[in-house]
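Below: one structure, written as structure tokens.
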Amino acid sequence: MKVLMVDDEQNVLDAMKMLGEWDTQGITKILEAHHGEEAKKLIEKETPEIIFTDIKMPGINGLELMKWLNTVSYQGKVIFLTGYDDYSYMRQAIKHNSFDYLLKPIEANVFNEILAEAVKAWKKDYINSSSTEKRYIYNKIVTDAYAGVTFDLMGLIPSLPKAERYDMTLLSFYHMHYSEPEIETLANKLYTQKLGYAYSLLTDHNLSLVVTLKNEWTTIEKWLNEHIESTVRIVATEVPQPLANLPEVFKKLKKKLNENQYRTVYQSTHLEHVNRMQDIVSYVDNYYMEDISLEQLSNLFFMSREHISRKFKQVTGLTLSKYVTKLRIDQAKYWLRETDETIYTISLMLGYQDEKYFSKLFKKITSYTPFEYRNEKKEVNK
């Protein structure tokens, strides 16, 4: 969350910075302005959730600033500051829907009590806000990250399902195509199904960002194919959680887009093949301890052996036999580390009837015999 402090006296700004329990209230950025005009520019750029503003200032005063905030439908909380214990100021502050009123000199306990109440009230409003308002907030946060300015990472988290890693995809639309209605529909679909979220950039209506759980992209691409008629260019990458490095990821994706390292949305026939290949890989992931052959997969998935062989390597980077071996060796490592099963039993469970063959294969891949690998891991864990 961001706080903006507006006062023409620097000593007042310094006092608030010193007195505020910012970390406790989740405040990540403190902004300063010395008059109303400077404050308006910061509000338009940063959209702070909490504003402390002096009433009497040169130029645009606090009450005039509040009137302007009402015209732009500001959703945050405003607390007025004044050195005048005057009921007329209180009346005007209440009239303009201020959250509260603070007298100077500012007392630490009163200041932090009002700060805590303002943060609590903003969070309550945020939770109860309409989906349109929430969507605007999400889009604003992502737009800030895209622009490379400070963005509210914590405010973005509620839009996404929990995961260790995400797929992040930048969509570029034909310059005459206004995509927001379609992207909003996609965002609602992803959010409801707990698959991710789709964001529109407020500064560029030709770009959108889609963040999804890993291995869910073909579902989104099928939707794009069915609902968007104009050309959509795609650049994608995988990112870890948290998304603190979102600006760097944006730079990477924009660079790819500018260098024409993109592809367009697959046609439906191509997507069917992509989905079937994912089904094949998923099948191998589940049944790798059994005998699996290209012939068997061909019969199960109604595709030629040659096609499966070629596409399987494109998708996984490995031939079917090498992929199965990798899965088996990875499982063997786990059992050698975490269980007391004999090497003979492990080889049988992995589908190898010959313990000697399994041991030779394990050493060829890991440079250790199964016995050496188990002993070394035990020594490391002591």
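Here are some notes:
- Highlighted here are the strands (runs of 3 or more DSSP E) found entirely within segment 1-84 that include at least 2 residues which are open to solvent by 10 Å² or more (accessible area, probe 1.4 Å): 29-33.
- When segment 305-341 is filtered for residues that are among the polar types (S, T, N, Q) and loosely packed, with under 13 Cβ neighbours inside 10 Å, the ones remaining, listed by number, are GLN314, SER321, THR339.
- Residues of segment 199-231 that are modelled with pLDDT of 80 or more, closer than 16 Å to GLU184 by Cα and aliphatic (A, V, I, L, M): LEU201, LEU202, LEU207, LEU209, VAL210, VAL211, ILE220, LEU224.
- Test: residue in segment 83-105 that is at pLDDT 85 or above and β-branched (Val, Ile, Thr): no
- Within segment 240-259, residues that are of a type in the set (D, E, K, R) have Cβ atoms under 7 Å from residues that are surrounded by 15 or more Cβ atoms within 10 Å (Cβ to Cβ) in these pairs: LYS256/VAL235; LYS256/TYR262, counting only partners at least 6 apart in sequence or on another chain.
- Restricting segment 180-195 to residues that are within 14 Å of TRP223 (Cα to Cα) and not in a helix (DSSP H, G or I), the residue that is modelled with the lowest pLDDT: GLN193
- Answer residue from segment 196-217, given it is outside any strand (DSSP E or B) and closer than 18 Å to ASN139 by Cα and is least open to solvent (accessible area, probe 1.4 Å) among those: LEU201
- VAL235 being in a strand (DSSP E or B) and in contact with a Gly (Cβ under 7 Å, 6 or more places away or on another chain): no
- Among the numbered conditions (1) open to solvent by 90 Å² or more (accessible area, probe 1.4 Å); (2) aromatic (Phe, Trp, Tyr); (3) closer than 30 Å to GLU226 by Cβ, the only one that TYR344 does not meet is (3).
- Residues in segment 306-325 that are over 20 Å from ASN286 (Cβ atoms) and over 33 Å from the mean Cα position of the chain (by Cα): GLU306, HIS307, ARG310.
The values are calculated or read from the model by the stated rules, or taken from the named source; none is laboratory data. On a predicted model such as this, the values are computed, not experimentally measured, just so you know. Neighbour counts are summed over all protein chains in view; Cβ atoms, including those assigned to glycine, are modelled from backbone coordinates with ideal geometry. Accessible surface areas use protein heavy atoms only, side chains included; no ligands, DNA or RNA. Shrake-Rupley method; radii C 1.70, N 1.55, O 1.52, S 1.80 Å.
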